[in-house]
1. Scan the range 130-137 and give yes if some residue there is open to solvent by less than 10 Å² (accessible area, probe 1.4 Å), in a helix (DSSP H, G or I) and either on the phi < 0 side of the Ramachandran plot or not basic (Lys, Arg) (or both), otherwise no.
2. I'm told Tyr120 meets every condition in (1) open to solvent by 10 Å² or more (accessible area, probe 1.4 Å); (2) more than 14 Å from the chain's Cα centre (by Cα); (3) touching a residue at least 12 places away in the same chain (Cβ under 8 Å) except one. Can you identify the failing condition by its number?
3. Taking Pro82 as meeting all but one of (1) in a helix (DSSP H, G or I); (2) over 20 Å from Asp222 (Cβ atoms), write down the number of the exception.
4. Answer yes if at least one residue in the range 5-25 is open to solvent by 10 Å² or more (accessible area, probe 1.4 Å), charged (D, E, K, R) and more than 22 Å from Pro182 (Cβ to Cβ), and no otherwise.
5. Within the range 190-225, restricting attention to residues that are open to solvent by 10 Å² or more (accessible area, probe 1.4 Å) and aromatic (Phe, Trp, Tyr), which residue is nearest to Thr20 (Cα to Cα)?
6. Name the single residue that is farthest from Gly199 (Cα to Cα) among those in the range 138-162 being surrounded by fewer than 16 Cβ atoms within 10 Å (Cβ to Cβ) and either of a type in the set (D, E, K, R) or touching a Cys at 6+ places or on another chain (Cβ under 8 Å) (or both).
7. Looking at this structure, is Ala114 hydrophobic (A, V, I, L, M, F, W, C), under 21 Å from Arg304 (Cα atoms), in contact with a Phe, Trp or Tyr (Cβ under 8 Å, 6 or more places away or on another chain) and part of a strand (DSSP E or B)?
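The values are calculated or read from the model by the stated rules, or taken from the named source; none is laboratory data. Predicted model only: the values in this text are computed from it and were never measured. Neighbour counts run over all protein chains shown; Cβ positions are idealised from the backbone, glycine included. Ligands, DNA and RNA are stripped out before the accessible areas are found, and what is left, the full protein with its side chains, is counted by its heavy atoms. Shrake-Rupley method; radii C 1.70, N 1.55, O 1.52, S 1.80 Å.
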Amino acid sequence: MEKQFCVFDVAGAAGFVYKTLQEYQRKMIKTGVKLSMKPYTDEDQAVDDFRAGLCDIVALTDMGVRHFNDFTGSISAIGAVPYYEDLRVLMHILSSPRVDEHLAQDGYEIVGVAPMGAAYLFVNDRNIDHVDALKGKRITVFEGHHDARHMVEYVGAVPVDAKISNFARLFNNGEADISYAPAAAYEILEMFRGMGDRGGIVKYPVGQVTIQLVARNGEFDDRFVRQSRKTVSRLYPEAIRVIRQYENSIPADRWVDISPQAIAGYQEMLRSVRIDMQQSAESSGMLAAGVYDDNMMTILRKVRCYTNPGAGECSAEDRE
């Protein structure tokens, strides 16, 4: 049986995501399903083709997946998965049957989640190394990323509307002071151009970007779905190896090291933003909070407290 597998990768068939999922394609042949892969460099087009029935499975970023599942779409919640150890624990949880009920929504189901890399702040001024320095800066915000827009406004910065197809150009052209992306964007999207001589990459992850596989309910039998989730979860070590290669290939002097106090400031600011959204009575806050699934937010908090039990949020009364 042959099925169409549409894969979004900003670099197309030459990209790291596409190549990683070729391994998934090979391993899934043993289920009796041959996946015919097609690369997309435009995520909106991949979503449209999937909705039109031209794809049986589609691989999208967590931002794209928010069209189909707000549980796994919440993985990219700002600051909610700070480190790769947190992500490793989360990938294990997502491949287990205990969360199956959350992986199917509105006629679609998630059949795998794999890492694309931590998102860092690319800045055009190395002095943007603490939360207060964000005030007044122009920061790219992806279309539909209401939670990121709320964060930008919360810290007194200025949102610059962007898409995955143009955010790097906006930064490189000087139309934005800050943009967030995985380290691979430094080379693949040439974001070193926007950094100029004075800029850098703040060495603190503000979130995790994942690639997620979506299928229509009933398109594949339960055996395929279960095997798919396990197979994708086992791609984690190789994906992280490649991600770290991209991170390690960035010249050391391009990273902006920040103090433990600044890290704590970022952590608390991001937590405060998430809580502020949940409690907001304003339309913008409610719109932002609406992209988060409460069950996932609780899981993410438990994961953070598992890997870092001494964190203040683990004993805070207003914990998520």
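1. yes
2. Looking at each condition in turn, Tyr120 falls short on (2).
3. It is condition (1) that Pro82 fails.
4. no
5. Among residues in the range 190-225 that are open to solvent by 10 Å² or more (accessible area, probe 1.4 Å) and aromatic (Phe, Trp, Tyr), the one nearest to Thr20 (Cα to Cα) is Phe220.
6. Here the answer is Glu143.
7. Details: hydrophobic (A, V, I, L, M, F, W, C): yes; under 21 Å from Arg304 (Cα atoms): yes; in contact with a Phe, Trp or Tyr (Cβ under 8 Å, 6 or more places away or on another chain): yes; part of a strand (DSSP E or B): yes.
Taking the combined requirement at face value, the residue satisfies it.
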